[in-house]
Each structure stands twice: as structure tokens, then as C-alpha cells.
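The values are calculated or read from the model by the stated rules, or taken from the named source; none is laboratory data. What you see is a predicted model, and the numbers here were worked out from it, not measured in a lab. Positions of Cβ are generated from backbone atoms using ideal geometry, with glycine treated the same way; all protein chains shown enter the neighbour counts.
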Amino acid sequence: MQRRTITVSGIVQGVGFRPFVYSLASQLKLVGFVQNRSGQVSIEAEGSLTALDHFTEQLRSKAPALARIDRLSSHSIPVRHENHFQILASETTLAADVFVSPDMAMCADCRRELFDPADRRYRYPFLNCTQCGPRLTIIHRAPYDRVNTTMAAFEMCAACRAEYENPMDRRFHAQPIACPACGPRLQLLDEIAVPIESADPLASFVAEIKQGKIGALKGIGGYHLVCLANDDAVVNRLRQRKHRQQKPFAIMVRDCTQAAKWCRIDAAEQQRLLSPQRPIVCLRKRNEAVGISDAIAPGNAFLGVMLPYSPLHELLLDCVGDDPLVMTSGNRSDEPIAYQDADAAERLRGIADRFLVHDRPIRVRCDDSVTRVIAGRESPIRRSRGAAPMPITLPFHCPQPVLAVGGQRKNVFALATGTHAFLSHHIGDLDDLSALDSFQRDIGLYEQLFGITPRVLVHDLHPDYASTSYAIQRAKRESLLAFAIQHHHSHLASCMAEHGIESDVIGVVFDGSGFGGDEAVWGGEFLIGGYRSFKRAAHLRPVRLPGGDKATKEPWRVALSYLTMASCDAEGWRSGIDQAIGPNAVRIVQQMIDRGFNSPWTSSAGRLFDAVAAITGVRQTVHFEGQAAMELETLALQSDCAQTYALNMTDPVDTRPLIRGVVADCKNKVDTTLIARRFHNTLAAITVQTCIQLAKSASIDRIVLSGGVFMNTLLATLISEQLEAKGLNVFTHQRVPANDGGIALGQLAIAAHALQSGNIALKSR
């Protein structure tokens, strides 16, 4: 007989790990105990050497699906000759390395119960177990116990209490446990959020949806707006009411077979659709797709598709049948998603014809995660429900607790201590006051959840970001150190950190904008460096950005700037713009470019996409960020042309031959799909040749691709394949977004490296 003490760290609390240990120990006839202790699971197990070895091996290999073991250590201790194995009460002391599981999609066991007429939870919309259901969205504070969640108001019935207290039950200590006798309930409301009496609120809601009405559905992390996705009239009505003219809607379908009717799905994409995270997956539309309104994703080659992830969604799709549903965020235009009942009733009034709500409060607003697969690898677009707040391991130890506040757009903040980086759910654009309120409130929640009180704050170099102001003001108020990190350096470090790269790399960082070190707007950058520092080794040739941010919404302005730089008359295009915009307005913008008035220099690759989209007539104004680039990609994907425009490999990288080639093709009335493809091919060729030159001169074979432009599937694939064919190692984002939703990780990594190496003296600002 031997006895071992075993300590397991990672995501091992709130995921059914202790019942798993208890069951495994019982099977192997071991005695001892298991206990949650200071963010870890502590085990003492006693039995034969063979049984103990088998026990330790299966702790890793057979752990619950939601668990993630980061460290497992054990050593022998004196035998105690006990006669049973038990689960001890958790210690309540908080410490670092306390992990909170994300919200997870309904598991297979719960789904079987949901549709089993003999089960007491038959068709109950809020069933869950330790392997699924809400987590982050219902928690008020740590530790993750029912009393600290929004389920505290629901007293367990005797049957639920028995399951909750039974170590052999899969609902042992499942904090959101509920049933029809004691849990949350649905309610139907009319268009002004007044209750409607209904024996079956879900059936009544579905009946309205099938008649062409728009519904507001309270989900796990907020409200969705729901309607039939095959009805042009109702989809367009939703766009009008929501003030979302052209930005794509996501749809929800019953299963992968249904999704395959409208989209091409490969094995990697199907795996993401069916994963416990259940993100929205951007799938390539079928050319012959029928039964989906063209108004769902106009001018876009991709369709955002998700499968049901909650019992309520499963029941909804079961009632609707084979009809696909629009499942889009419950808000107007670009506001944050509504998640509090009173706010939803106010903000969604005039949009929704019916509300299907429930009485389980949502504590943390959490949008759906969005992802896509590029060249067989996942490329996250928005990391939120199902992923946050799962930690990412830093490639080195962070000696001081750090808060990285992220950027202004697609904000995500992050906390670090030790080797763990805890990235928040998607907060949104901090221009919106409610998003800014959530940013500040949720920082406090995360600090309490993980027991991290930051001593260092890191922020973007841009002085006008709300996140920058927050960091500077808090640092001054609490006598903390705050320091700025250049935007594209954060992108570079973000991709390095998620891959555990420690040595210098060549970074291609293409995005819309970022505050440069020379007061220009960067965004088409070739960097060499790492966490400690970087060198701007090359960049796209800068042009004037007339009107600053206004030019990001009116691509014709950027097109005029590129045409001026390339000395192209483009008379036909210019006359068309004069008619569409007005000759006076165009003349004023031309003067701004010529004089440099309110026209900062920019090297942005995102603006290059805008310019080409405008010159080719694809789009002169945009309704949402990235629209022109998306539509240009959609056209390019319709051609398999391998041709490029002329290249002039200089420093800065000369884009004038490319613009002249586009203008010549337009004059010759070349098909726009061919022009779009040649543009993508040319930008890829420019990028590849620049990287090859830098790799030779710097003796570095590691290339990282980051920035929002690499959301472009075609460009990312072309560049990756061509660089890899030259023997270079290419790293793309697979765990955090390439866009600004990933820069907080880079900020953290740079700060941690600086603190570890002693480059930063901790002092009050």
C-alpha cells in the first residue's frame, strides 16, 4: 500500500472534476479524499502501486471535457489506512490560478434528457450539468458557488438538491442546476414588453415567427433578434428597424446537414460548428444556394452560421423545423447587445414584435464568438462566449500582476499573473457609452474572479482611446505604473505569444489604422523584432488620408489620394464621382490632399483595399468596417487568375504600379472579378517578396501575420502558401483574433517580458 498527494492546476473547478476523481478512485478501490483548494484540486489517494499509477494516468487522459490540466504534481506521503474515499468541502481562500469556465453548449447527455418524454426535465429550456450551461454570464463574484451567481434566487427542490449533493451524479455541484419545479421559466411579452398569457410561451413565440414576425429572444449572454432567414420581406424589415443596412446577419440552423444546404463545409469547419464553444462559423456560400434570403449577407461570399447551443435554442429550432433563422445581436446599429431586461424592453421596442424572456438574470453581457477556418486552421474573428475567460499561457513568467486594456475598437482587456493571461469576453467599441461602462465594470469583476490586483497597466500609444484614458487616470489615482505600447508592436507580440515564440520574428501587420511612432497612421507594416523592441523594416508607401477618420467611411476619398500619388487621371472615374458626390465636395477633398490639410499620412493596407474598391466601382461609401474589403474579396474569389500587376520592390513598398494597373484595367473594361483577383495576387506577391528579402538580410525564418486585414481568407492563404513554399515558417492567429480583439494579449506579453527582464522600474506615475 502507498499514499500519494496529488495537486492538479488548471481549469479544474466548476467542470465536474471532483466527481470524476471520486468515481475514478472508487472504481480503483482507492481511499483518501479530493478537495478544491486555493484554485487547485488537491487529492490524497491510497491503494496499491498499480492502482495509483493507473489513477494518476487517467486523471490526465480521462478528465472531463471542459477541464484543462496545466500542471499535475504528486509525491508519496505516509499511509493513513482509511476505509473510504470522500469529497471534502472546498476551501474558500482565494488565490492566483483560480480559473472560471466559459459558458458551454448543451452536452449530449442533457440533449437526450431534453427530448426524452420520460425524463423530469423533458423540454425544459434551462437544464444543464457540470459539463454544460452558463458559467461566466451568471457569476457575480468568486468563488463560483450558487450563492454567488444569478441562480441564488432559485431555491433547489428536493430532487435537484439530491442530484447536487450526490458525488456520483453528473450534476454534483452544478451551480446552475434547475428543473421545471424550481428553476427559471419562460414568459411571452408583446411589442411593448407587456406580458401575454400563454400556456406555452415558446410555441406562441414560434407561431409568430413563422408568420413573418420579428422576435427578441433572451439567451445566455444577451438578447438575439430572430426571424425567418428565408423571407426577404422580414429580413429587410429587420434591417430597417435595426438600422443595419448591409452588415451581414448570422443564421442558426438545426444541424450540419441543414447548414450544408447553403454552405460548403469541410471537416475543420464542421468540427468548429459542433464544438462545445458553438461559435458562429463563417462558411463559403454555395453558388446554387436557395432558401436563404440574399439580404442576409449581401455582397459577401461567406455566411455566418451557428448551431443551437442552449436548450432553449434546441427547442426553438425543433419547433421551427427546417427553416433557418436569423440570429443576430439584440441592438440597434452598432450598439452593444442588450442583456438586461429593462434595457432590452426599451432599446428593442420598435424592432421586435414579440419578446421571449426568462427570469434568470444575465450578469455579464457576452456576445457569440465568431470564427473561420483558413488553410485548415482556425482563425478567430471574435473571441467571446465559449472561449472567455479561458487563459492563454504566456511564453514566460509575469513577475507582477498586469492589466492590459486593449484598444478602442473590438475591445478586449486582459489580466496576467504568473504564466497565465486571462482575456475578457468581447466588450465592443468603446465609442459607445454602455460598452465603456461594461469595460470598467467587467475589469473589476475579472480582478475579483481571479484574485488579481494589477500593479502595472499597459495601453495603446493612441492618446485618444478611451482605454488609454482609463489606464492613465487609474494609474494616477492608485499610484500604479502605466506605459504605452505601439499598436502594431502589440499585434506582432500577440501572434508570437499565442504560439509561444520567444525569439525575434518578421511581422507582417496589415490593418486599418494604428498610431505610429512618427505621428502618421500606420497599417501596412513589416516589422522585425520581438517583445523587447521592434524595427520598422519596411512599409507600404504612405498616402494622404483626407478628412482622417471620415475617409474610412468614404473610400472614394482614399481612392482620390492614391490616384494623385500614382499620377493617374482616371477621368471616367473622376467624372462619375463628381456626379455621385458633387464636384464641389470632390474639389475640396482634392485640395485637402494637395495641401495636406486635415490629411495625415497613412501606410494602411486597409485603406489600400478601400481605394481599389472605389476605383473599380465596387463601393464608394461603406456602412460598416471592412465592407469594401469584404466585397472586393468576394469578387476575387470568383476568379482563379494567377496574374499580378507590375511590382516595384522599393522601400517604402511602392503601390503606384498596382494602382496604375487597376486604372488601366478599368479603362479597358476588364471584368471586376479579374481586377479584384489581380489586386489580391499583387498584394500577396509584394508581401512575399518583401518578407523573403527581410528574412535573408536578418537571418530570420519565422514570419507572423497579424492585423485585421488578415481576416481576408484569400490574402492570408496566398501569402501563407507562398512563404511556406519558400521554406519559411509562417504563424497566423489561431487562438485570438488577428484584429484588435487580440492586441491585449500582445500588450500583456510585452509588459511581462519587460518586467521579467528588468527593463521597467516599478514606480508611480
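Tell me which residues, restricted to the stretch 483-508, are buried (at least 21 other Cβ atoms within 10 Å of the Cβ), of a type in the set (A, V, I, L, M, F, W, C) and under 19 Å from ALA414 (Cβ atoms).
ILE485, LEU492, ALA493, CYS495, MET496, ALA497, listed by residue number.
Just to check your reading of the model, which residue among ALA471, ALA482 is part of a helix (DSSP H, G or I) and either more than 22 Å from THR393 (Cα to Cα) or over 18 Å from the mean Cα position of the chain (by Cα) (or both)? Don't jump to the end; show me each part of the working.
Details: ALA482 fails: part of a helix (DSSP H, G or I).
Of ALA471, ALA482, the one residue that is part of a helix (DSSP H, G or I) and either more than 22 Å from THR393 (Cα to Cα) or over 18 Å from the mean Cα position of the chain (by Cα) (or both) is ALA471.
When you go through (1) touching a Cys at 6+ places or on another chain (Cβ under 6 Å); (2) closer than 23 Å to VAL34 by Cβ one by one for CYS182, which number turns out not to apply?
Against the list (1) touching a Cys at 6+ places or on another chain (Cβ under 6 Å); (2) closer than 23 Å to VAL34 by Cβ, CYS182 comes up short only on (2).
Conditions: (1) touching a residue at least 60 places away in the same chain (Cβ under 8 Å); (2) closer than 21 Å to PHE483 by Cα; (3) out of contact with any helix residue (DSSP H, G or I) (no Cβ under 6 Å at 6 or more places or on another chain). VAL405 meets all but one. Number of the miss?
(3) is the only condition that VAL405 fails.
If you check ARG272 against the conditions, is it within 22 Å of the chain's Cα centre (by Cα) and either buried (at least 16 other Cβ atoms within 10 Å of the Cβ) or in a loop (DSSP other than H, G, I, E, B) (or both)? Give the derivation first.
Details: within 22 Å of the chain's Cα centre (by Cα): yes; either buried (at least 16 other Cβ atoms within 10 Å of the Cβ) or in a loop (DSSP other than H, G, I, E, B) (or both): yes.
Against the criterion (within 22 Å of the chain's Cα centre (by Cα) and either buried (at least 16 other Cβ atoms within 10 Å of the Cβ) or in a loop (DSSP other than H, G, I, E, B) (or both)), ARG272 qualifies.
All but one of (1) more than 30 Å from MET390 (Cβ to Cβ); (2) touching a strand residue (DSSP E or B) at 6+ places or on another chain (Cβ under 9 Å); (3) of a type in the set (A, V, I, L, M) hold for ILE577; state the number of the condition that does not hold.
(2)
Looking at SER369 and the list (1) among the small types (Gly, Ala, Ser); (2) under 17 Å from the mean Cα position of the chain (by Cα); (3) over 30 Å from VAL147 (Cβ atoms), which single condition is not satisfied?
(3)
So, restricting to strands (runs of 3 or more DSSP E) that lie completely within the stretch 503-548, which ones have at least 3 residues that are over 18 Å from ASP651 (Cα atoms) and within 27 Å of the chain's Cα centre (by Cα)?
Fully inside the stretch 503-548 and qualifying: 505-515.
Since ARG441 meets every condition but one in (1) touching a residue at least 12 places away in the same chain (Cβ under 8 Å); (2) closer than 22 Å to GLY221 by Cα; (3) not aromatic (Phe, Trp, Tyr), which condition does it not meet?
Going through (1) touching a residue at least 12 places away in the same chain (Cβ under 8 Å); (2) closer than 22 Å to GLY221 by Cα; (3) not aromatic (Phe, Trp, Tyr) one by one, ARG441 breaks only (1).
Can you name the residue in the stretch 145-190 that is touching a residue at least 24 places away in the same chain (Cβ under 8 Å) and in a helix (DSSP H, G or I) and is also surrounded by the most Cβ atoms within 10 Å (Cβ to Cβ) among such residues?
Applying the filter and picking the extreme gives ARG146.
Can you work out which of the residues in the stretch 2-16 that are modelled with pLDDT under 90 and of a type in the set (A, V, I, L, M, F, W, C) is nearest to GLY133 (Cα to Cα)? First the steps, then the outcome.
Within the stretch 2-16, the first condition is being modelled with pLDDT under 90, and the residues that meet it are 9-16.
Cutting the leftovers down to of a type in the set (A, V, I, L, M, F, W, C) gives us 11-12, 15.
Working: ILE11: 16, VAL12: 16, VAL15: 10 Å.
In this case the residue turns out to be VAL15.
Against the condition over 26 Å from ALA345 (Cα atoms) and not assigned by TED's automatic domain parsing to the domain that holds GLY39, how does VAL194 come out, does it pass?
Working: over 26 Å from ALA345 (Cα atoms): no; not assigned by TED's automatic domain parsing to the domain that holds GLY39: yes.
When the stated conditions are applied, VAL194 does not pass them.
From the list ARG477, ARG544, ARG536, which one is farther than 22 Å from LYS410 by Cβ, buried (at least 24 other Cβ atoms within 10 Å of the Cβ) and free of Cβ contacts under 8 Å to residues at least 60 places away in the same chain?
Details: ARG477 fails: buried (at least 24 other Cβ atoms within 10 Å of the Cβ); ARG536 fails: buried (at least 24 other Cβ atoms within 10 Å of the Cβ).
Matching residue, one of ARG477, ARG544, ARG536: ARG544.
Can you go through PRO134, PRO167, PRO102 and tell me which one is within 17 Å of PRO389 (Cβ to Cβ) and at pLDDT below 95? Let's see the steps before the verdict.
Working: PRO134 fails: at pLDDT below 95; PRO167 fails: within 17 Å of PRO389 (Cβ to Cβ).
Testing whether each residue is within 17 Å of PRO389 (Cβ to Cβ) and at pLDDT below 95 leaves just PRO102.
Identify all residues within the stretch 293-321 that are among the β-branched types (Val, Ile, Thr) and not in a loop (DSSP other than H, G, I, E, B); write none if there are none. Show your work before the answer.
So the first thing to find is which residues in the stretch 293-321 are among the β-branched types (Val, Ile, Thr), and the list is 296, 305, 320.
Passing the criteria: VAL305, VAL320.
Mind checking which residues of the stretch 322-344 are in a helix (DSSP H, G or I), touching a strand residue (DSSP E or B) at 6+ places or on another chain (Cβ under 7 Å) and of a type in the set (A, V, I, L, M, F, W, C)? I'd like the intermediate steps shown before the answer.
Our first condition is that a residue be in a helix (DSSP H, G or I); within the stretch 322-344, this holds for 341-344.
Adding the requirement that they be touching a strand residue (DSSP E or B) at 6+ places or on another chain (Cβ under 7 Å) leaves 341, 344.
Listed by number, the list holds a single entry, ALA344.
Output the residues belonging to the stretch 191-204 that are assigned to a loop (DSSP other than H, G, I, E, B), more than 32 Å from the chain's Cα centre (by Cα) and in contact (Cβ under 8 Å) with a residue 60 or more places away in the chain.
Once the filter is applied, which keeps residues that are assigned to a loop (DSSP other than H, G, I, E, B), more than 32 Å from the chain's Cα centre (by Cα) and in contact (Cβ under 8 Å) with a residue 60 or more places away in the chain, the stretch 191-204 yields only ILE192.
Condition check ((1) surrounded by fewer than 18 Cβ atoms within 10 Å (Cβ to Cβ); (2) over 20 Å from LEU283 (Cβ atoms); (3) in contact (Cβ under 8 Å) with a residue 60 or more places away in the chain) across all residues:
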residue	(1), (2), (3)
THR690	no, yes, yes
SER697	yes, yes, no
SER706	no, yes, yes
MET711	no, no, yes
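Can you tell which of ALA646, ALA629, ALA664 is buried (at least 22 other Cβ atoms within 10 Å of the Cβ) and either over 16 Å from ALA684 (Cβ atoms) or not assigned by TED's automatic domain parsing to the domain that holds LEU283 (or both)?
Numbers: ALA646 fails: buried (at least 22 other Cβ atoms within 10 Å of the Cβ); ALA664 fails: buried (at least 22 other Cβ atoms within 10 Å of the Cβ).
Only one candidate qualifies: ALA629.
Take the residues of the stretch 553-590 that are among the hydroxyl-bearing types (Ser, Thr, Tyr) and at pLDDT below 95: which is nearest to GLY523 (Cα to Cα)? Before you say what the answer is, go through the steps one by one.
First, the residues of the stretch 553-590 that are among the hydroxyl-bearing types (Ser, Thr, Tyr): 561-562, 564, 567, 575.
Then keep just the ones that are at pLDDT below 95; that gives 567, 575.
On the way: SER567: 23, SER575: 30 Å.
Ranking the qualifying residues of the stretch 553-590, first place goes to SER567.
What are the pairs with Cβ atoms under 6 angstrom where one residue, in the stretch 113-126, is without any contact (Cβ under 8 Å) to a residue 24 or more places away in the chain and the other, located anywhere, is part of a helix (DSSP H, G or I)? Sequence gap at least six, or different chains.
What qualifies is ASP119/GLU113.
Taking the options LEU24, LEU66, LEU94, name whichever one is assigned to a loop (DSSP other than H, G, I, E, B), out of contact with any strand residue (DSSP E or B) (no Cβ under 9 Å at 6 or more places or on another chain) and either modelled with pLDDT of 90 or more or not assigned by TED's automatic domain parsing to the domain that holds TYR446 (or both).
LEU94
Return the residues of the stretch 32-61 that are of a type in the set (D, E, K, R), outside any helix (DSSP H, G or I) and under 25 Å from TYR144 (Cα atoms); say none if nothing qualifies. Break it down into steps so the answer makes sense when it comes.
Of all residues in the stretch 32-61, those of a type in the set (D, E, K, R) come to 37, 44, 46, 53, 57, 60.
Of the ones still in play, those that are also outside any helix (DSSP H, G or I) are 37, 44, 46.
Residues satisfying the conditions are ARG37, GLU44.
Would you mention how many residues in the stretch 372-406 are outside any strand (DSSP E or B) and either among the charged types (D, E, K, R) or over 14 Å from the mean Cα position of the chain (by Cα) (or both)? If you could, list the steps in order and put the result at the bottom.
First, the residues of the stretch 372-406 that are outside any strand (DSSP E or B): 375-376, 383-384, 386-390, 405-406.
Now restrict to residues that are either among the charged types (D, E, K, R) or over 14 Å from the mean Cα position of the chain (by Cα) (or both): 375-376, 383, 405.
Counting residues in the stretch 372-406 that are outside any strand (DSSP E or B) and either among the charged types (D, E, K, R) or over 14 Å from the mean Cα position of the chain (by Cα) (or both) gives 4.
Anything in the stretch 41-60 that is among the hydroxyl-bearing types (Ser, Thr, Tyr), farther than 16 Å from THR7 by Cα and free of Cβ contacts under 8 Å to residues at least 40 places away in the same chain? List them, or say none. Outline the logic, then answer.
Going residue by residue through the stretch 41-60, those that are among the hydroxyl-bearing types (Ser, Thr, Tyr) are 42, 48, 50, 56.
Still in the running and farther than 16 Å from THR7 by Cα: 48, 50.
Hit for the stretch 41-60 is THR50, nothing else.
Looking only at the stretch 15-72, count how many residues are hydrophobic (A, V, I, L, M, F, W, C) and surrounded by fewer than 21 Cβ atoms within 10 Å (Cβ to Cβ). Give the steps one after another, and end with the answer.
Step one: list which residues in the stretch 15-72 are hydrophobic (A, V, I, L, M, F, W, C), which gives 15, 17, 20-21, 24-25, 28, 30-31, 33-34, 41, 43, 45, 49, 51-52, 55, 59, 63, 65-67, 69, 72.
When the remaining residues are screened for being surrounded by fewer than 21 Cβ atoms within 10 Å (Cβ to Cβ), the result is 24, 28, 31, 33, 49, 51, 65, 69, 72.
Residues in the stretch 15-72 being hydrophobic (A, V, I, L, M, F, W, C) and surrounded by fewer than 21 Cβ atoms within 10 Å (Cβ to Cβ): 9 in total.
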